[in-house]
Ligand SMILES: Nc1ncnc2c1ncn2[C@@H]1O[C@H](COP(=O)(O)OP(=O)(O)OP(=O)(O)O)[C@@H](O)[C@H]1O
Ligand SMILES: Nc1ncnc2c1ncn2[C@@H]1O[C@H](COP(=O)(O)OP(=O)(O)O)[C@@H](O)[C@H]1O
Ligand code: SF4
Ligand code: SF4
Ligand SMILES: [Mg+2]
Ligand SMILES: [Mg+2]
């Protein structure tokens, strides 16, 4: 009998993904990393914290030696703002997010740089119980693929209570009430969700449960890694609206990571574009989207399928994003896909140059800027 | 030509919380996809798109209704006789990571189905090798580079191209692409969409494109038909550009309103529609399935079921008692 290739390996694929889905008990880790006011549920804090990332480099050990996934990043999260990071797969977004919690796991390590969080100091220097407490007190976190990070054996409610206990919360009833309230706002029946096991929830429901876990303990710095990836547009819009609302109500500093420029466009005040472990452009969201300067940002925006306009206007970027092993160690990381590349791009890494609030790392942009300034003089 | 007439499918849920819940995944869906044509099914997750795609690809049974392939009703055939028909409809699914066997090189992945085919048609070994290279070139890959490589050595976009090349080994008449670009890097998505469009033009393959991102549906061909599906029912259907520019069903308008606005580059539509609450597939409704979430529902909507048609003389078909065009789509700044 002839069996079409697709149909055979699909079942293989399904088995594989099923195996990955139930692997290990990441929920407990996720729960621990979620923020909390220690011992008490009220958030008597001195406003949202600011975050200053300086010259941060993170490497992973591979067969070819230690290779950088994040290279010399400078980035500020101003208190009370939503900052969005956009990048393609492998650009180092999740690694950057984990660094904010000093949670990069071996074979990875933070090689250099600092992450200063108001009220916490440099988290890259914290260790052990201090680190655990610091994370708990300040930082709520949703891992990428929150969809698969729940414990398959326990109901969501049971996991919520575990979370509360691990943070010495006395008013567990209050905790459950807050959780139900958050779930309700995200369009779900809170009581039913708390009674459910992971496999009884759809992907979108699990993702919302992950967000509830990040918010329920009242952390004032919230890190969301791909919170809406793989969700449909309506569910995504709902979640983004809630993130924005809670952000404003509670006065949070929010860091959101996504491969989807639209997500950041919709909710972030500031935007940073990552490529090959670098932030190549950052600035106020609407300004950057309205007139992107870095050739990569321009290409990325041009590559978005649009609802209106000529079909020919949108174009895929030629080439492919680099991986750990193919990121060039010298010169500009984007040069292979860049139309504007010059000789200097082969040898020298473009420095991040501020133009007001807007920072761009590109030789061509710097040269053009110098020209226009000369003309003015 | 592949047509479906009044396809229905009901699932009964398992598990302690949802046990016994009935989900009407498809409630009498009609469709027609001409040879070389393009159709897109859009809707939020859980509305039945994948179920319909799998039924069309012969991977799932349906409860009632008829699938007709090139004039032959599938119900008139025994399962074994249906096989050659369904073989020519190939499913490309969302995840190019799990679709490929990680222990096989691209060469092995393509070789197996091609060798089978060569055996059946009395072709030679060299045909198999030549065909593998030809197909890889067709999907925009460099055969010399990818043939010896394993899936993990390729980018997501390259992997999805390999998946498409493998589907092409059986000379399919139709590709069913279920969220085929949602896991692909943004900068590479349009490349895959353009490939699907090219395959339509160069090979005459028809494409059934399943997505929740309406914008992508335009890129497999602006001659395509759009089917907007809600809770197993087609609620709006017509030419893709017509529906995007003048949607009349509040559900379609909700989908279009939910697409993120690129602030700074676009201004939001002035009448964006936000549906109330979330999708509940197992709810029983006497009237319009969308009434509970629809901001425009009236008494009639609660008690009577709208059927698909051209009510109100709209160019597209819709299932709404109050079809009203609304300005929901974001417009590029500087364009009206
Ligand atoms: N445990 C690890 N061991 C080795 N390399 C790793 C490890 N984790 C990540 N990397 C590599 O580091 C780079 C950055 O990975 P990271 O997960 O931060 O990317 P990302 O931008 O979050 O990507 P995605 O969009 O796919 O989530 C990638 O090249 C990745 O392959
Ligand atoms: N094998 C199954 N068993 C039970 N319910 C199912 C099964 N497959 C799909 N469903 C249900 O049918 C509905 C439609 O699902 P699906 O076709 O996957 O939607 P979509 O692809 O539009 O997201 C959903 O409510 C889903 O939970
Ligand atoms: S530095 Fe050079 S290669 Fe890099 S983006 Fe700018 S012009 Fe292009
Ligand atoms: S029939 Fe009524 S409830 Fe249904 S979509 Fe139309 S206006 Fe809304
Ligand atoms: Mg990531
Ligand atoms: Mg689906």
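Yes/no per residue for (1) touching a helix residue (DSSP H, G or I) at 6+ places or on another chain (Cβ under 9 Å); (2) modelled with pLDDT of 95 or more; (3) more than 8 Å from ligand 3 (Cβ to nearest atom); (4) at positive phi:
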| position | (1), (2), (3), (4) |
| --- | --- |
| A:319 | yes, no, yes, yes |
| A:324 | no, no, yes, no |
| A:346 | yes, yes, yes, no |
| A:352 | no, yes, yes, no |
| A:357 | yes, no, yes, no |
| A:360 | yes, yes, yes, no |
| A:369 | no, no, yes, no |
- Task: Please indicate, with yes or no, whether at least one residue in the range B:40-47 is more than 15 Å from ligand 6 (Cβ to nearest atom) and modelled with pLDDT under 95.
- Result: no
- Message: Given the criteria within 11 Å of another protein chain (Cβ to nearest Cβ), within 22 Å of residue A:185 (Cβ to Cβ), away from ligand 5 (no atom under 16 Å from the Cβ) and free of Cβ contacts under 8 Å to residues at least 12 places away in the same chain, does residue B:260 qualify?
- Response: yes
- Message: Only one of B:63, B:70 is away from chain A (no Cβ under 14 Å) and farther than 25 Å from residue B:166 by Cα. Can you tell me which?
- Response: B:63
- State all residues of the range B:17-45 that are within 13 Å of another protein chain (Cβ to nearest Cβ), assigned to a loop (DSSP other than H, G, I, E, B) and either within 16 Å of ligand 5 (Cβ to nearest atom) or in contact with a helix residue (DSSP H, G or I) (Cβ under 8 Å, 6 or more places away or on another chain) (or both); if no residue qualifies, say none. B:17, B:18, B:43, B:44, B:45
- Item | The one condition in (1) crowded, with 18+ Cβ neighbours inside 10 Å; (2) without any contact (Cβ under 8 Å) to a residue 60 or more places away in the chain; (3) closer than 25 Å to residue A:230 by Cα that residue B:93 fails to fulfil | (2)
- Which residues, taken from the range B:173-212, are in a loop (DSSP other than H, G, I, E, B), surrounded by 22 or more Cβ atoms within 10 Å (Cβ to Cβ) and at negative phi? B:180, B:181, B:184, B:185, B:205, B:212
- Item | helices (runs of 4 or more DSSP H) contained in the range A:217-318 and holding at least 2 residues within 13 Å of chain B (Cβ to nearest Cβ) and over 27 Å from residue B:191 (Cβ atoms) | A:233-250, A:285-290
- Please work out if residue A:210 is in a helix (DSSP H, G or I), within 14 Å of chain B (Cβ to nearest Cβ) and over 13 Å from the mean Cα position of the chain (by Cα). no
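Quick grid of which residues meet (1) in contact with a helix residue (DSSP H, G or I) (Cβ under 7 Å, 6 or more places away or on another chain); (2) within 30 Å of residue A:287 (Cα to Cα):
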{"site": "B:243", "(1), (2)": "yes, no"}
{"site": "B:254", "(1), (2)": "yes, yes"}
{"site": "B:260", "(1), (2)": "yes, yes"}
{"site": "B:263", "(1), (2)": "yes, yes"}
{"site": "B:271", "(1), (2)": "no, yes"}
{"site": "B:280", "(1), (2)": "no, no"}
{"site": "B:288", "(1), (2)": "yes, no"}
{"site": "B:308", "(1), (2)": "no, no"}
{"site": "B:329", "(1), (2)": "yes, yes"}
- Message: With the requirement that a residue be at the interface with chain A (Cβ under 7 Å from one of its Cβ atoms) and away from ligand 2 (no atom under 16 Å from the Cβ), what does the range B:195-221 give you?
- Response: B:215, B:218, B:219
- Please state which one of A:146, A:214 is in contact with a helix residue (DSSP H, G or I) (Cβ under 6 Å, 6 or more places away or on another chain) and either within 30 Å of residue A:47 (Cα to Cα) or at pLDDT 90 or above (or both). A:146
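Residues checked against (1) within 16 Å of ligand 2 (Cβ to nearest atom); (2) over 25 Å from the mean Cα position of the chain (by Cα); (3) in contact (Cβ under 8 Å) with a residue 60 or more places away in the chain:
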| position | (1), (2), (3) |
| --- | --- |
| B:283 | yes, no, no |
| B:304 | no, yes, no |
| B:309 | no, no, no |
| B:314 | no, no, yes |
| B:318 | no, no, yes |
| B:321 | no, yes, no |
- Task: Go through (1) within 16 Å of ligand 6 (Cβ to nearest atom); (2) over 16 Å from the mean Cα position of the chain (by Cα) one by one and return the number of the condition residue B:162 breaks.
- Result: (1)
- Message: All but one of (1) facing chain A (nearest Cβ under 10 Å); (2) buried (at least 17 other Cβ atoms within 10 Å of the Cβ) hold for residue B:136; state the number of the condition that does not hold.
- Response: (1)
- Looking at the range B:54-66, is at least one residue away from ligand 6 (no atom under 16 Å from the Cβ) and over 21 Å from residue B:235 (Cα atoms)? yes
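The values are calculated or read from the model by the stated rules, or taken from the named source; none is laboratory data. Only a predicted model underlies this, so the values are computations on that prediction, with no experimental measurement involved. Using ideal geometry, Cβ is built from the backbone for each residue, glycine included, and neighbour counts are taken over all protein chains shown.
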